[in-house]
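Some notes on the structure that comes next.
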Amino acid sequence: MLIPPPLALYVHLPWCVRKCPYCDFNSHQGKDGLPFDAYVDALLRDLDHDLPLVWGRTVHSVFFGGGTPSLFPPETIDRFLQGASSRLRFAPGLEVTLETNPGTAEHGRFEHYRAAGVNRISFGIQSFDDASLQKLGRIHDSREAEHAVKLAQDAGFDNLNLDLMYALPGQTLAMAEHDLQRAFALQPAHVSHYQLTLEPNTVFFARPPQGIPDDDLAWDMQEHCQALLADAGYRHYEVSAYARAGRRCAHNLNYWRYGDYIGIGAGAHGKITVGATQQVLRRWKVKHPTAYLAAAGTPDAIGGDDDITPERRPFEFMLNALRLQDGFALADFTATTGLPAKHIATPLEQARQRGWLALSGTNVMLTALGRRFTNDVIELFLDH
């Protein structure tokens, strides 16, 4: 039997000041006079349309992603959260994250975001090296990055994440270390540290920048930076996520544990377990903001629905759960996929024999070797 897991709410705010050349997210360069109020109205209509899928369930986290959510004035975030909390049951003290570009941070805004109910800020810093930021097409410099973080701290935010990238064009090992040291000086609760990748349908994929470190140097950066993060008190709990005690990202943890989430907004994706029909449903919305604004709250806003069959669920589960350093419990696999553990006994044993997975009682996790062959491990669970 499928048991509906914890539920989260993802809200996509699609506009940004300028599209970064490495970005493959559904983001659109905004012009003057963005329709903030009309978009909040559309979000609430969208939520109303999806509500029958989650009647009576409690939301444990909210995440505003983008685009650049911090383009939205605090009063629009406040109006959305008030509208959403009147439609859904919000857990007491739930985590509410707002992604923020340091180039859009303004004095006084963070106080109002906090008053609206936002209690976690995720800053897209990427680097503290000004030349690297220019190569990445960012609209901020290192001074603005530090200033933005301090503005949020002055406003009372103590749950802050800093996004940093490594293996940047022209970056050396010393430069990657320097970025982390600048981050540590700001004492964030959480650091997301991930390698620059050239994703299809991006400017960098079509025209790769010169000086991208080779695989050996990128690996050296990863290992060295992981050690620095550990020494600074950040526990590595997911492929690219590091947190101080008690500060792991609840929203992202729910993804990695194959939890449920409503996805509203242009191009947003959701995953819902429907207990009555024993379905796992993935739903996504139309991508372009203009089309979304026109159709939100109607079936025309749905870009597609995908019923995840039992044969596909083990692969989907592993694609998420094996990102976690602590792995997963077999009981959680059974609850969220509706399949008995014996259903994956063969691929589990194959991976164990190859030294990729370790089994401790009823818990499964990647070994150090398995982390270097994660894609191969996950492929073992295709069509099981």
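Read-outs: derived from the displayed coordinates by stated rules, not from any lab. Note that the structure is a prediction, hence the values are computed from the model and not measured. Methodologically, a virtual Cβ is constructed for each residue, glycine included, from the backbone with ideal geometry; neighbour enumeration extends over all protein chains shown.
Observations, loosely collected:
- Calculated over the chain, the projected area of the Cα convex hull averaged across directions stands at 18.6 nm².
- Nonlocal amide H pairs with residue 95, under 5 Å, H built at 1.01 Å: 62
- Partnerless cysteines in the chain, where a partner means another cysteine C-beta under 4.7 angstrom, comprise 16, 225, 249.
- Sorting 240, 192 from the fewest to the most surrounding beta carbons within 10 angstrom yields 240, 192.
- In the chain, helices alone account for a calculated mean residue ellipticity at 222 nm of -10500 deg cm²/dmol, with every DSSP H run of four or more residues adding -39,500 (n - 2.57).
- Unit Cα scatterers, Debye sum, segment 251-384: log10 I(q)/I(0) for q = 0.16, 0.18 Å⁻¹: -0.82, -0.96
- Shown here are the Rg and Dmax of the Cα trace of segment 102-258, at 15.8, 46 Å.
- Antiparallel DSSP beta bridges within the chain, as percent of all bridges there, nearest 5: 40
- Relative exposure of 44, 162, judged by other C-beta atoms within 10 Å (fewest first): 44, 162
- Segment 90-111 versus segment 304-358: alpha-carbon centroid distance in Å: 34
- Rel. contact order, % - alpha carbon contacts under 8 angstrom, at least six apart, segment 280-332: 34
- Each Cα pair under 8 Å and six or more residues apart adds its sequence gap; the mean of these over the residue count of segment 7-254 is a relative contact order of 19 percent.
- If the convex hull is drawn through the Cα atoms of segment 61-174, its volume per residue in Å³: 108
- Eligible lysines near residue 135 by straight Cα distance, threshold 17 Å, same-chain separation 8 or greater: 19
- Amide H contacts of residue 267 (H built 1.01 Å from N, in plane; Pro and chain starts excluded): 285, 286, 287 sit under 5 Å, all sequence-distant by 5 or more or on other chains.
- Mean Cα-pair separation over length for segment 265-384, i.e. relative contact order, pairs under 8 Å, 6 or more apart, %: 21
- Each of 241, 321, 333 was scored by the projection of its Cα onto the charge dipole of the chain, and the greatest displacement toward the positive side belongs to 333; charges sit on the C-beta of Lys, Arg, Asp and Glu.
- GNM result for the chain, Cα springs below 10 Å: residue of 332, 231, 179 fluctuating most strongly: 231
- Ranking of 197, 100 by count of other Cβ atoms within 10 Å, fewest first: 197, 100
- Bridgeable lysines around residue 271 (alpha carbons under 20 Å apart, same-chain partners fewer than 8 residues away excluded): 285, 287.
- Computed from phi, the 3J(HN,Hα) profile of segment 101-116 under the Karplus parametrisation 6.51, -1.76, 1.60 (θ = phi - 60°) reads 8, x, x, 10, 6, 10, 4, x, 5, 5, 4, 6, 4, 5, 5, 6 Hz, with x in place of Gly and Pro.
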